[in-house]
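Reading through the structure tokens given below for one structure.
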Amino acid sequence: MLKVMIFHPAISRKKEIAQIVSEAEAELRPKVERIRWELGQDWTGDWAIFLRVVLSDAVVRKRNWPKIASEVEARILEKLPTDELGVIPYTRFRSQAETIEMPEKAWS
Amino acid sequence: MAYHDDLLDQSGHLATRDPRRPKQANLRRAVSTAYYALFHLLVSQAVGYWRLKRQRSVLARSFDHRKMKGACNSCRSQVPELDAVAKAFVILQQYRHLADYDNSTAWTRVEAMEEVTRARSAFAQWEQIKTREEAQDFLLSLFAADRR
């Protein structure tokens with residue numbers, strides 16, 4: 001059986017991505033509790049970076065939290081060279097309380 | 001109200017139902033509906049340029065989700081609002097796919113509300129630029145054959 005190895009250039013830059021995300025996470029505290037990410041393919045097979053951002057409960061209690069979430073997303077994507085990496089960024093947000101209520105490894 | 005506006009309202013309604021324990025079915029439908037709101041907005045705008053009204057529904061059916069995603073993903077516009085609409089479309093389509101077909105992925109209210117907000121922002125941004133030539137080029141790219 002022929003085995004096809006799927007390799008994308010972004011995979012070789014995981015360390016760099018980790019560094020950038022970690023810097024963004026530090027910069028965005030205390031609004032952001034943590035950021036998790038992984039490389040993979042979206043539903044059409046395009047390479048993507050899936051970002052999972054845990055917002056602090058204090059942020060989510062505010063009326064304008066979606067605006068804050070947009071700003072957080074924009075800041076992360078300013079730092080992350082997604083075009084150069086050849087990946088589509090997909091960001092999802094959960095509150096800290098939600099990650100406790102629905103514990104999932106990908107978000108922890 | 002237009003169909004796409006109704007869908008946008010419905011997505012917000014679904015995302016905020018069940019104040020204490022949101023049902024997965026409502027959250028998933030909220031995310032999916034947020035995508036379809038934006039999809040139908042763009043399709044209706046594109047077919048609105050077709051002169052014969054009776055043919056518009058036929059033309060609307062020719063829009064392909066995957067092709068539209070490709071066009072949006074390739075969009076690198078100098079008009080920031082247009083760029084934002086294209087990006088929102090790509091993201092919402094991916095999440096619509098997850099929400100509709102991936103039962104292993106749970107959704108939270110914050111996640112669903114965020115996607116409803118993303119669609120609302122895209123509607124607002126589209127409203128600002130819809131009459132510009134770049135916006136019309138973009139609409140054409142959503143269904144025109146890719147000859148690159």
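Where in segment B:50-136 are the helices (runs of 4 or more DSSP H), entirely inside, with at least 3 residues that are free of Cβ contacts under 8 Å to residues at least 24 places away in the same chain and either open to solvent by less than 60 Å² (accessible area, probe 1.4 Å) or more than 9 Å from chain A (Cβ to nearest Cβ) (or both)?
On the way: elements: B:56-60, B:65-74, B:80-101, B:109-129.
Because the criterion is at least 3 residues that are free of Cβ contacts under 8 Å to residues at least 24 places away in the same chain and either open to solvent by less than 60 Å² (accessible area, probe 1.4 Å) or more than 9 Å from chain A (Cβ to nearest Cβ) (or both), the helices (runs of 4 or more DSSP H) in segment B:50-136 that meet it are B:56-60, B:80-101, B:109-129.
Listed here are the residues, each with its yes/no results for (1) of a type outside the set (D, E, K, R); (2) over 10 Å from the mean Cα position of the chain (by Cα); (3) facing chain B (nearest Cβ under 10 Å).
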residue: A:LEU39; (1), (2), (3): yes, no, no
residue: A:LEU55; (1), (2), (3): yes, yes, yes
residue: A:GLU71; (1), (2), (3): no, yes, no
residue: A:ILE76; (1), (2), (3): yes, no, no
residue: A:THR99; (1), (2), (3): yes, yes, yes
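Name every residue in segment A:18-65 that is assigned to a helix (DSSP H, G or I), touching a Ser or Thr at 6+ places or on another chain (Cβ under 7 Å) and either in contact (Cβ under 8 Å) with a residue 60 or more places away in the chain or surrounded by 20 or more Cβ atoms within 10 Å (Cβ to Cβ) (or both), in order of residue number.
A:VAL60
In segment B:25-34, what count of residues is obtained for those that are farther than 27 Å from B:LYS130 by Cβ and open to solvent by less than 60 Å² (accessible area, probe 1.4 Å)?
Of the residues in segment B:25-34, 3 are farther than 27 Å from B:LYS130 by Cβ and open to solvent by less than 60 Å² (accessible area, probe 1.4 Å).
Per-residue answers, yes or no, for (1) touching an Asp or Glu at 6+ places or on another chain (Cβ under 7 Å); (2) at pLDDT 95 or above:
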position: A:ILE35; (1), (2): yes, yes
position: A:ASP46; (1), (2): no, yes
position: A:SER56; (1), (2): yes, yes
position: A:ARG63; (1), (2): no, no
position: A:GLU73; (1), (2): no, yes
position: A:LEU77; (1), (2): no, yes
position: A:PRO89; (1), (2): no, yes
position: A:PHE93; (1), (2): yes, yes
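Looking at (1) within 10 Å of chain A (Cβ to nearest Cβ); (2) under 30 Å from B:ARG20 (Cα atoms); (3) open to solvent by less than 30 Å² (accessible area, probe 1.4 Å), which one does B:ALA37 not meet, given that it meets all the others?
Only one criterion in (1) within 10 Å of chain A (Cβ to nearest Cβ); (2) under 30 Å from B:ARG20 (Cα atoms); (3) open to solvent by less than 30 Å² (accessible area, probe 1.4 Å) is unmet by B:ALA37, namely (1).
Hey, A:ASP83 hits all of (1) of a type outside the set (A, V, I, L, M); (2) more than 9 Å from every other protein chain (Cβ to nearest Cβ); (3) loosely packed, with under 13 Cβ neighbours inside 10 Å but one; which does it fall short on?
(2) is the only condition that A:ASP83 fails.
The values are calculated or read from the model by the stated rules, or taken from the named source; none is laboratory data. Keep in mind the model is a prediction, meaning the values are calculated, not measured. Virtual Cβ from ideal backbone geometry, glycine too; neighbours counted across all protein chains shown. Just the protein is used for accessible areas: all its heavy atoms, side chains included, with ligands, DNA and RNA removed. Shrake-Rupley method; radii C 1.70, N 1.55, O 1.52, S 1.80 Å.
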